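Worksheet for the structure shown next.
Values quoted throughout were computed directly from the atomic coordinates according to the rules given, and no laboratory measurement underlies them. Please read all numbers here as calculations on a predicted model, not as lab measurements. Neighbour counts run over all protein chains shown; Cβ positions are idealised from the backbone, glycine included.
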């Protein structure tokens, strides 16, 4: 986890589920942000990434770590609608806020996914208390490693 | 697995995926049929039942055991459409034929699910070489137990 | 599981644990025998084979299937003594009978392991109701496959 | 993980395996120490604790975190000898140093286990860079939680 002081670009979200108020990166200043980009029909996301996010959401003090999901649909758009996502979150009992990444008018990749140049799903973003993007990782990150990175970021003041 | 010689009622399928020709119970006479009723947004189906069906599909000689999935949607109908199911089968690399249980005009339970009085998903049906329903089980069945039941049914002539 | 009508040679056991009376292959005539050869310090045995044997022991009618373990020590003899095995069976709550394969006077391979020319541990032996060796497999056998083989053998009369 | 500045008492080890030089808590000053107390015939240790320790050993920089095992035998002493432990470490490919907790002359509990008043195995000890005992936990600790605690302790200077 090299310290690259690049500010995390703000995400572009059409709508938030599982939360009453929209969540912005700038509004999380002072807290660590763990954002899990996923698709509801991505097997690796369903088996590994979403359960890990749920565990992190329950384990960490929300004053220390803000856990969110980003639904970054870049394929099968007709299948992964807001209606389908809502049913999915209900059936899988996903407890954390999920933002729907804004569809792009002219390409399959949605706006936030494009802005961060994500390679696919799942992708993990870790943002420090100052709003810097400290990790962007495509693929699954082991629990021990994720815990260690979060522990270090939490310790920064 | 008590031997109750009740004939398995024919299923009612709107459309088959992953197969060129429709599959009927009567057409499977002479073979054992293992039918896995599921919903694509049912976590227990996705984690346990569909991988088990895929394993059975690959393990047994198709001349001995016909493995099929039945998409028995009784909730979240707007989310679990044919389009969504097609994407799901593709992403999860489901190799076996899947029939879409015919929606009922006047109730949420589809036709085959209603006819068999299934309690929910996943539900397993085992039908013997003579077309008799030998097992109907709601919930997950352990691999060892499923294997033993199939082995016994295969041995019947 | 080809039907090779070779009689299963009798095993040579120094001592039985978890059973009041010694068990012989000839004494099991009329029942299927599933014998799991293992070593208490073999990781694959501990993680996969012994739990599978315990599951089979609990699942099948003892009048149909006799499940036994064979402690076939061919390495680390000073570590895998009867005293150590007894502690192991207690700590891992192994419920089925375990026979200690008779040490050979002049080689590390014990008598039964040598007689069956086993390649290592775990090794599974399946013996049919007539006392024929129907399967000998080195390495782990999937639950679904084991169940199917047992189901077929149970169905033979 | 409350900050209780109690110094971690030195352990008493009869012999070290998997390391050329003995390891002392005082000699680890400046590094975080993660000590996993286990018994080679404790199922929870074998299934969860030792694989976790091996993962931590491989994941963290040894200049940051010193991972050790402590073989704290308090039952089945005749089965869990040094000879048996050596075979176990070989078969399970345990990569980290393991110290044999010194047997007590007059009771089954060995010296270090007694000094720390451990309740059983597995038990995890986390010691910070200043040599303070920051966590003592009986039972398994989830990877995410262990990672977070180690991350925080690593960040302390």
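Quick check on my filter: what residues within the stretch C:85-100 are within 12 Å of another protein chain (Cβ to nearest Cβ), part of a loop (DSSP other than H, G, I, E, B) and surrounded by fewer than 21 Cβ atoms within 10 Å (Cβ to Cβ)? Write out each step before concluding.
The initial filter retains those residues of the stretch C:85-100 that are within 12 Å of another protein chain (Cβ to nearest Cβ), namely C:85-94.
Next, from what is left, pick out any that are part of a loop (DSSP other than H, G, I, E, B): C:92-94.
Correct list: C:92, C:93.
Which condition number in (1) surrounded by 20 or more Cβ atoms within 10 Å (Cβ to Cβ); (2) in a helix (DSSP H, G or I); (3) under 13 Å from the mean Cα position of the chain (by Cα) is the one that residue B:54 fails?
Result: residue B:54 fails condition (1) only.
Just checking, which of D:122, D:108, D:62 is over 23 Å from residue C:76 (Cα atoms) and in contact with a helix residue (DSSP H, G or I) (Cβ under 6 Å, 6 or more places away or on another chain)? Steps first, please.
Details: D:108 fails: in contact with a helix residue (DSSP H, G or I) (Cβ under 6 Å, 6 or more places away or on another chain); D:62 fails: in contact with a helix residue (DSSP H, G or I) (Cβ under 6 Å, 6 or more places away or on another chain).
That would be D:122, the only listed residue that is over 23 Å from residue C:76 (Cα atoms) and in contact with a helix residue (DSSP H, G or I) (Cβ under 6 Å, 6 or more places away or on another chain).
Looking at (1) away from chain D (no Cβ under 13 Å); (2) surrounded by fewer than 22 Cβ atoms within 10 Å (Cβ to Cβ), which is the only condition residue A:121 fails?
Condition (2) is where residue A:121 drops out.
With the structure loaded, tell me whether residue C:13 is surrounded by 21 or more Cβ atoms within 10 Å (Cβ to Cβ) and more than 25 Å from residue D:92 (Cβ to Cβ) or whether it fails that test. Walk me through it before giving the result.
Numbers: surrounded by 21 or more Cβ atoms within 10 Å (Cβ to Cβ): yes; more than 25 Å from residue D:92 (Cβ to Cβ): yes.
In short, yes.
Would you be able to say whether some residue in the stretch C:125-139 is out of contact with any strand residue (DSSP E or B) (no Cβ under 6 Å at 6 or more places or on another chain), away from chain B (no Cβ under 13 Å) and closer than 17 Å to residue C:53 by Cβ?
Yes: one or more hits.
Checking residue A:119 against (1) closer than 23 Å to residue B:81 by Cβ; (2) touching a strand residue (DSSP E or B) at 6+ places or on another chain (Cβ under 6 Å); (3) not in a helix (DSSP H, G or I), only one condition comes out false. Which one?
(1)
Please go through (1) outside any strand (DSSP E or B); (2) farther than 29 Å from residue C:121 by Cα; (3) within 15 Å of the chain's Cα centre (by Cα) for residue D:103 and return the number of the only condition it doesn't satisfy.
(3)
Name every residue in the stretch D:60-84 that is surrounded by 22 or more Cβ atoms within 10 Å (Cβ to Cβ), part of a loop (DSSP other than H, G, I, E, B) and within 13 Å of chain C (Cβ to nearest Cβ), in order of residue number.
Passing the criteria: D:73, D:79, D:80.
Looking only at the stretch B:19-39, decide whether some residue is part of a loop (DSSP other than H, G, I, E, B) and within 14 Å of chain A (Cβ to nearest Cβ). Please lay out each step first, then the result.
Of the stretch B:19-39, the ones part of a loop (DSSP other than H, G, I, E, B) are B:19-25, B:29-31, B:39.
When the remaining residues are screened for being within 14 Å of chain A (Cβ to nearest Cβ), the result is B:39.
Yes, the stretch B:19-39 has at least one match.
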